[in-house]
Amino acid sequence: MTRTLVIANQKGGVGKSTSVMNLGVALAERGSRVLLVDMDPQGGLTAAFGINSHDIRRSVYSLIMYSHVSLARVMRPVRANLALVPASVDLAASEIQLAGAADRAVRLRQSLQRSRIPFDFILIDTPPGLGILTANGLVAADEVLIPVQCQYLAMRGVRALMDTVVRVKNKLNTTLGLTGLFGTMYRPDSRHAQEVVDELRDVFGAKMLKTLIHYDDVVAEAPIVGLSVLEYIPRHPIAQGYRALAEEVAGGG
Ligand SMILES: Nc1ncnc2c1ncn2[C@@H]1O[C@H](COP(=O)(O)OP(=O)(O)OP(=O)(O)O)[C@@H](O)[C@H]1O
Ligand SMILES: [Mg+2]
């Protein structure tokens with residue numbers, strides 16, 4: 001059985017793409033067969049793998065725009081056990097091109113369902129905001145995983161996102177579940193970061209996962225050379241953090 005997770009938070013820059021890459025590598029390292037899908041026209045995830053989103057023909061854009069384009073044609077292996085459906089710049093236009101289509105939010109789900117490729121996990125990276133591309137991710141997924149930046153006002157964005165998740169669940173994807181939330185860019189020396197985490201634990205209980213991804217510049221350095229932190233400095237605390245997250249997500253934590 002494939003578990004399809006959408007990594008979503010409408011707030012920009014909270015660590016969605018970073019987490020998709022590093023969690024994907026961590027799951028693949030454990031032996032799972034993993035597919036990553038970049039639904040962001042900015043192509044941050046695609047770029048992190050050293051792929052130029054200005055220079056690709058087969059991408060998630062053709063997958064969601066044309067029903068005859070199969071997943072097998074647009075995905076590419078990026079590591080052992082790990083494949084990527086890259087984003088191309090034309091994905092930005094799809095929001096407008098799909099605006100009037102009745103099936104605009106179910107395109108990705110239909111494309112993934114047509115495929116018979118046996119993945120254990122599909123991780124979908126979404127853009128900031130709650131537009132059609134994020135909706136496609138929420139509709140295609142079985143579960144939502146929410147990175148939350150351990151900062152003031154983090155809660156506000158999470159509430160809006162939860163409302164959207166409930167709306168999608170009621171209307172378009174009744175089996176959608178919440179895997180959980182996890183803190184990113186956590187600074188152990190900040191009293192305030194701890195307050196944010198405590199509040200998230202109060203509100204979400206066990207849905208607030210144990211793993212906290214700390215703040216560290218290595219996160220920005222690794223993608224410059226096209227690597228996840230797990231590959232760049234395998235024993236780095238950030239790498240260990242994403243391994244712990246993989247363990248929690250996969251059910252071993
Ligand atoms: N744990 C971390 N420590 C330090 N920097 C981080 C951490 N996680 C992410 N960053 C940095 O923060 C920035 C935003 O991260 P990322 O691109 O993963 O966020 P995002 O939620 O995908 O953003 P967007 O909403 O724009 O797609 C990047 O420059 C990234 O290198
Ligand atoms: Mg991103």
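Quick one: would you say Leu27 is in contact (Cβ under 8 Å) with a residue 60 or more places away in the chain and either on the phi < 0 side of the Ramachandran plot or among the polar types (S, T, N, Q) (or both)? Here the answer is yes, as Leu27 does meet what is asked. Residue count for the range 204-236, restricted to those that are more than 10 Å from ligand 1 (Cβ to nearest atom) and on the phi < 0 side of the Ramachandran plot: 17.
Among the strands (runs of 3 or more DSSP E) lying completely within the range 143-247, list those that include at least 3 residues that are closer than 22 Å to Gly129 by Cβ, within 16 Å of ligand 2 (Cβ to nearest atom) and aliphatic (A, V, I, L, M). Let's see the steps before the verdict.
Details: elements: 143-149, 177-186, 208-214.
Output list reads 143-149.
Within the range 14-42, the set of residues being in contact with a Pro (Cβ under 8 Å, 6 or more places away or on another chain), more than 7 Å from ligand 1 (Cβ to nearest atom) and under 20 Å from Gly183 (Cβ atoms) comprises just one member, Met21. Tallying residues that are among the charged types (D, E, K, R) and more than 13 Å from the chain's Cα centre (by Cα) within the range 12-29 yields 1. When the range 168-191 is limited to residues that are within 14 Å of ligand 1 (Cβ to nearest atom) and of a type in the set (A, V, I, L, M, F, W, C), the one that is nearest to Ala102 (Cα to Cα) turns out to be Leu181.
Just one of (1) in contact with an Asp or Glu (Cβ under 8 Å, 6 or more places away or on another chain); (2) farther than 23 Å from Pro237 by Cα fails for Ser17. It is (2). Is it the case that some residue within the range 102-118 is free of Cβ contacts under 8 Å to residues at least 24 places away in the same chain, over 24 Å from Lys210 (Cα atoms) and of a type in the set (A, V, I, L, M)? Yes, that holds for at least one residue.
Got at least one residue in the range 137-154 being small (Gly, Ala, Ser) and over 24 Å from Asp103 (Cα atoms)? Outline the logic, then answer.
First, the residues of the range 137-154 that are small (Gly, Ala, Ser): 137, 140-141, 154.
From what's left, over 24 Å from Asp103 (Cα atoms): 154.
Yes, some residue in the range 137-154 is small (Gly, Ala, Ser) and over 24 Å from Asp103 (Cα atoms).
Within the range 188-211, identify whether any single residue is under 23 Å from Ala140 (Cβ atoms), of a type outside the set (Ser, Thr, Tyr) and crowded, with 17+ Cβ neighbours inside 10 Å, and answer yes or no. Yes, the range 188-211 contains a residue that is under 23 Å from Ala140 (Cβ atoms), of a type outside the set (Ser, Thr, Tyr) and crowded, with 17+ Cβ neighbours inside 10 Å.
Pick out, from the range 19-131, the strands (runs of 3 or more DSSP E) lying fully within it that include 1 or more residues that are in contact with a strand residue (DSSP E or B) (Cβ under 6 Å, 6 or more places away or on another chain), modelled with pLDDT of 95 or more and of a type in the set (Asp, Glu).
Numbers: elements: 34-38, 76-79, 82-85, 121-125.
Correct list: 34-38, 121-125.
Can you say whether Thr18 is in contact (Cβ under 8 Å) with a residue 24 or more places away in the chain and either under 20 Å from Ala105 (Cα atoms) or within 16 Å of ligand 2 (Cβ to nearest atom) (or both), as far as the supplied structure shows? If you could, list the steps in order and put the result at the bottom.
Details: in contact (Cβ under 8 Å) with a residue 24 or more places away in the chain: yes; either under 20 Å from Ala105 (Cα atoms) or within 16 Å of ligand 2 (Cβ to nearest atom) (or both): yes.
So Thr18 fits the description; yes.
Within the set Glu248, Glu199, the sole residue that is more than 18 Å from Val20 (Cβ to Cβ), in contact (Cβ under 8 Å) with a residue 24 or more places away in the chain and acidic (Asp, Glu) turns out to be Glu199.
The values are calculated or read from the model by the stated rules, or taken from the named source; none is laboratory data. As the structure is a prediction and not an experimental result, all values here were calculated from the model. With ideal geometry, Cβ positions are generated from the backbone for all residues, glycine too; neighbour counts draw on all protein chains shown.
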